[in-house]
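These notes are about the structure you will find just below.
The values are calculated or read from the model by the stated rules, or taken from the named source; none is laboratory data. Predicted, not measured: the structure shown is a model, and the values here were computed from it. Note that each Cβ is placed from the backbone with ideal geometry, even for glycine, and that neighbours are counted across all protein chains shown.
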Amino acid sequence: MFNYFRKEIEWGGRTLTLETGKIARQADGAVLARYGDTIVLCTAVGVKTAKPGQDFFPLTVNYQEKAFAAGKIPGGFFKREGRPSEAEVLKSRLIDRPIRPLFPEGFRNEVQIVATVLSHDMENDPDIVAMIGCSAALTLSGIPFFGPIAAAHVGYANGEYVLNPTMADAKAGDLELVVAGTIEGVLMVESEANELSEEIMLGAVAFGHTAFQPVIQAIIELAEHAAKEPWALTEKSEAELALKARADAVARAPLAEAYQEREKQARYSKVGAAKKAAIAALTAEGLDVAKAGAILHDLEADVVRNAILDTGMRIDGRDTRTVRPIVAEVGILPRAHGSALFTRGETQAFCVATLGTGSDEQIIDALEGEYREHFMLHYNFPPYSVGEAGRMGSPGRREVGHGKLAWRAVHPLLPAKDKFPYTLRVVSEITESNGSSSMATVCGTSLALMDAGVPLTRPVAGIAMGLIKEEKGFAVLSDILGDEDHLGDMDFKVAGTEKGVTSLQMDIKITSITFDIMKIALDQAKDGRIHILGEMSKALTGARGDVAQTAPRITVITVPKDKIREVIGTGGKVIREIVEQTGCKIDIGDDGTIKIAATDIAQAQAAIDKIRGIVAEPEIGVIYTGKVVKTAEFGAFVNFLGAKDGLVHISELQQGRVNKTSDVVKEGDMVKVKVIGFDDRGKVKLSMRLVDQATGADITEQVGAKPARGGDDRPERGERFNRDRGERRERSPMPSDAEQPPVGD
């Protein structure tokens, strides 16, 4: 039947469990990996025979997150998981990169790895759990695999490394690093750092490598109980060995001569011609050339690698440390908010920055919950950049991965959102490629953002390092070419400022490298990075003093939380009217923060005045401009300070007697009023007569605080009653008997 086994260890303060033989039992290998309450089902399936003529290794890794893992129902119309999100694509690549080098040379059978997130506890990132589970599933499957591998998260806070910090702690620290490898060494690193030194970065990698060794031992123990019989590897036939020997004799010299050409397209043409001639010669000798392509590729790598080790000179004539010529230009596009063209040798990135408002933020529906992203970096790699004609479509995994690498490099240098409240989008169009276009994107993005007036803490640059490692020695290469990446043993990308590293990505194509080699690569990368920053400074040394004229100007004001409702109005009526009248874009936060965006300063000020008028409280003695909204027999109601109304009593309309309110004002008139008090219900009492209507000046001292008797001399009802009664008593006193006239007189 099926062989159920469970392995459990304590790791990083939590329990890691690997379980097999219970779920997905028809897969070649299946492991349920659990860390805390994060659970990932990992499966591995391989095809027993390779397709005839297959000249590459068809490995596919699919990482997928199910909404039910976080107790959610997917958003959108269809209410089911759709195409992979950016996070799923990135984590698929993260799993792929350390396991791909560990399959046997020449293995061409199709292999598919699937990692499905079944539960997410919001503390432990599923990516590490998935990498460990996939490694275990491959190790159990019997598929030829020189593993197992393990992986770990490394954080850095308060001067100390932290193993597998929670997701919240990782965000708050100075480092988010993922490292994966075998017992012997490191195979993959991915990180974002807050300008840390090379020594701290190298220490983090070493810390992670040591920390995940118990996990590798756990996978080995799991395999001892539950692994399937390993597949038999096909030995190279006599015919294949003969083909290899003849290919070496026929093609080595022509390939070596072709690689003397330093210009990329001309070199590719000569290399292609040499290979074509070799295949024709081998065919003429009656040899089976079905595997000639792979053999010639290996021969090509041998020619290039040994030439570098023997002479210290590279394909394009540089030594191992020299960076290709750099030209940096800014302000290329007249209407864009910021633009830069960064050219390094035959690699070129055209980067364009656009500034937007809060409404332009990207809303991301992740397992951890919905959140907004205000910095987006989109990388595009059209086929013409390498002189080819090809299909244009939606971004592939490579484009998503390269864009995210550049995003990580620049992200730590961005200004705080409350100090620069813009949404930022950078598009990097790779217009030429021969070498690291992702690092060219880092440089171009830094320049484009500064050209747009984004106050980066410091400029950031990136460089790609390579490695040639043979038994007779090794060479670390600065600013690698495309061929050196393809034929070399390492792709080591380092980005940062003059102060420290902000991002590091490493992929190893051999079983491992030593930490001594990594240190050499980091030190050499630092020298290259400082050189590139110097070349970039010839175009722009820092952010421009202001954003472009074509960019929106954002002004931030705050209002009391209890006033937000008044600013928005019933059904959004008030805020819509302000937007329509001023032409501004207005974003209102729950905390009372209001962002007003407009390309015209006058428009922004008009919106600010309207909002401040709505939230302001009337003050006694202050003069305001208002609009008469209603007249009555006893006075006029004036709307001022946004939606606030006050009463101008008929006696306060003007000096002198007023017979009718409509004799002085009518509905729609704009008047100047002074706040003179509040009644017992909090209603505002206003006066027009105390204000010079022409100039808005306060004339209280000239006219007196109280209305003159000659004005409206009609007293209040109580006063009039008392006065009239007193006057009657005075005019008609009761006569005494002596004063009474005689009867009948």
Looking at (1) touching a strand residue (DSSP E or B) at 6+ places or on another chain (Cβ under 6 Å); (2) among the charged types (D, E, K, R); (3) farther than 27 Å from residue 294 by Cβ, which is the one condition that is false for residue 96? (3)
Residues located in the stretch 9-29, provided they are of a type outside the set (Val, Ile, Thr), buried (at least 22 other Cβ atoms within 10 Å of the Cβ) and farther than 17 Å from residue 126 by Cβ: 29
The stretch 310-353, residues that are small (Gly, Ala, Ser), closer than 19 Å to residue 525 by Cβ and buried (at least 23 other Cβ atoms within 10 Å of the Cβ): 349
For the subset of the stretch 62-94 comprising residues that are charged (D, E, K, R) and either without any contact (Cβ under 8 Å) to a residue 24 or more places away in the chain or touching a helix residue (DSSP H, G or I) at 6+ places or on another chain (Cβ under 9 Å) (or both), which member is farthest from residue 114 (Cα to Cα)? 79
Filter the stretch 588-609 down to the residues that are surrounded by fewer than 20 Cβ atoms within 10 Å (Cβ to Cβ) and in contact with a Gly (Cβ under 7 Å, 6 or more places away or on another chain) and list them by number. 603
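For every residue, the table says whether it meets (1) in the same structural domain as residue 497 (by TED's automatic domain parsing); (2) of a type in the set (Gly, Ala, Ser).
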| residue | (1), (2) |
| --- | --- |
| 317 | no, yes |
| 321 | no, no |
| 331 | yes, yes |
| 355 | yes, no |
| 381 | yes, no |
Considering only residues that are among the basic types (Lys, Arg) and touching a Gly at 6+ places or on another chain (Cβ under 7 Å), which ones fall in the stretch 483-527? 493
Yes or no: the stretch 283-299 includes at least one residue that is at pLDDT 90 or above, farther than 20 Å from residue 386 by Cβ and among the β-branched types (Val, Ile, Thr). no
Give me the residue from the stretch 653-679 that is within 21 Å of residue 697 (Cα to Cα) and more than 60 Å from the chain's Cα centre (by Cα) and, out of that set, surrounded by the fewest Cβ atoms within 10 Å (Cβ to Cβ). 656
Hits in the stretch 318-357 (condition: under 21 Å from residue 381 (Cβ atoms), in contact (Cβ under 8 Å) with a residue 40 or more places away in the chain and part of a loop (DSSP other than H, G, I, E, B)): 324, 336, 345, 346
Residues in the stretch 149-190 that are touching a strand residue (DSSP E or B) at 6+ places or on another chain (Cβ under 9 Å), more than 22 Å from residue 367 (Cβ to Cβ) and not aliphatic (A, V, I, L, M) total 6
Of these, 293, 286, which one is outside the structural domain of residue 479 (by TED's automatic domain parsing), without any contact (Cβ under 8 Å) to a residue 12 or more places away in the chain and out of contact with any strand residue (DSSP E or B) (no Cβ under 7 Å at 6 or more places or on another chain)? 286
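This table checks each residue for (1) part of a loop (DSSP other than H, G, I, E, B); (2) acidic (Asp, Glu); (3) assigned by TED's automatic domain parsing to the domain that holds residue 573; (4) modelled with pLDDT of 90 or more.
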position: 667; (1), (2), (3), (4): yes, yes, no, yes
position: 680; (1), (2), (3), (4): yes, yes, no, no
position: 708; (1), (2), (3), (4): yes, no, no, no
position: 712; (1), (2), (3), (4): yes, yes, no, no
Residue satisfying all of: in the stretch 512-540; in a loop (DSSP other than H, G, I, E, B) and touching a strand residue (DSSP E or B) at 6+ places or on another chain (Cβ under 8 Å); farthest from residue 344 (Cα to Cα) among these: 512
Being crowded, with 19+ Cβ neighbours inside 10 Å and either in contact with a Pro (Cβ under 7 Å, 6 or more places away or on another chain) or over 27 Å from residue 555 (Cβ atoms) (or both) is the filter; apply it to the stretch 354-366 and report the residue that is modelled with the highest pLDDT. 355
Leading residue by the ranking (surrounded by the most Cβ atoms within 10 Å (Cβ to Cβ)) among those in the stretch 480-497 that are modelled with pLDDT under 95 and of a type in the set (D, E, K, R): 484
Quick one: is residue 195 on the phi > 0 side of the Ramachandran plot, charged (D, E, K, R) and at pLDDT 95 or above? yes
Is one or more of the residues making up the stretch 402-411 among the basic types (Lys, Arg) and either assigned by TED's automatic domain parsing to the domain that holds residue 267 or in a helix (DSSP H, G or I) (or both)? yes
Only residues that are surrounded by fewer than 19 Cβ atoms within 10 Å (Cβ to Cβ) and hydrophobic (A, V, I, L, M, F, W, C): list them for the stretch 70-100, please. 70, 73, 77, 78, 87
